[in-house]
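Here's the structure we're looking at; comments come further down.
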Amino acid sequence: MNFIETDIQGVWIIEPKVFGDSRGYFMEAYRESEFRKHIGEIRFIQDNESSSTRGVLRGIHYQMDPFAQSKLVRVIQGVVLDVAVDIRRNSPAFGKYVAVELSGENKRQLFMPKGFAHGFYVKSETAIFTYKVDAPYAPDYERAIRFDDPDIGVEWGITGEVKVSDKDRIAPLLREQLRDLGFEDLKI
């Protein structure tokens, strides 16, 4: 596996070694010892999977402490633009994001530690998206940032109609959530 640091500390692109022949391919999607060597100790407790159609935008979601989640995400089929937004209190990259194209073809994965909000936009006809998390889903601690927040300015590359849940469409801007995040003194 090849671990590539991004411009935001703690967020990694992971490229597995893929062995292909006329029968198909084989790859190691996760190896604890390699992960620990490059990223550190993470105990994943749950795997999730979603299926979406072209133009679906899911996010930008996060969970508040004590249920904040580290995530290791990948696409099994299709193509998505995957986005991790830094919402860590003491981070010099607060409000900035990393965007990576993940696909069934390139087999790339993205790791984001606790303290990041996450979303993705489907660029193919369909996409099967899977991810590991290190904390359970806790609906009372779930939050969302509006996908078109101008302070963050994610360049989604949206073409055509975007399909967003009602909950995500009316999600507050990041600046409206600063108090909940413990940032009474921060300005965006």
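The values are calculated or read from the model by the stated rules, or taken from the named source; none is laboratory data. What you see is a predicted model; the values in this text were computed from it and never measured. Here the Cβ is made from the backbone with ideal geometry for all residues, glycine too, and neighbour counts use every protein chain on show. The accessibility values were calculated without ligands, DNA or RNA, using every heavy atom of the protein model including side chains. Shrake-Rupley method; radii C 1.70, N 1.55, O 1.52, S 1.80 Å.
Before moving on, here are some points about what is shown:
- Loop-resident sites, the range 1-50, for GluC sites (Glu not before Pro), counting at most 15 other Cβ within 10 Å (DSSP): Glu28, Glu41
- Accessible surface comparison of Thr130, Thr159, probe 1.4 Å, protein chains only, largest first: the order is Thr159, Thr130.
- Formal net charge of residues neighbouring Thr6 (Cβ-Cβ distance under 15 Å; K, R +1; D, E -1): -2
- What the range 52-188 shows is 47 Å² of accessible area per residue, with the surface traced by a 1.4 Å probe over protein heavy atoms.
- For the chain, modelled as a GNM whose springs connect Cα atoms under 10 angstrom apart, the maximal fluctuation among Phe44, Phe35, Phe129 occurs at Phe35.
- Neighbour-limited loop hits for trypsin sites (Lys or Arg not before Pro), the range 1-80 (at most 16 other Cβ within 10 Å; DSSP other than H, G, I, E, B): Lys17, Arg23, Arg31, Arg43
- Split the accessible area of the chain by element, probe 1.4 Å, and carbon with sulfur accounts for 47%.
- Across Lys114/Lys167; Lys37/Lys114; Lys17/Lys167; Lys37/Lys132; Lys37/Lys167, pairs whose alpha-carbon gap is larger than 29 Å: Lys17/Lys167; Lys37/Lys167
- Summing charges over neighbours of Pro136, with a neighbour being any other residue whose Cβ is under 14 Å away from its Cβ, gives -1 when K and R count +1 and D and E count -1.
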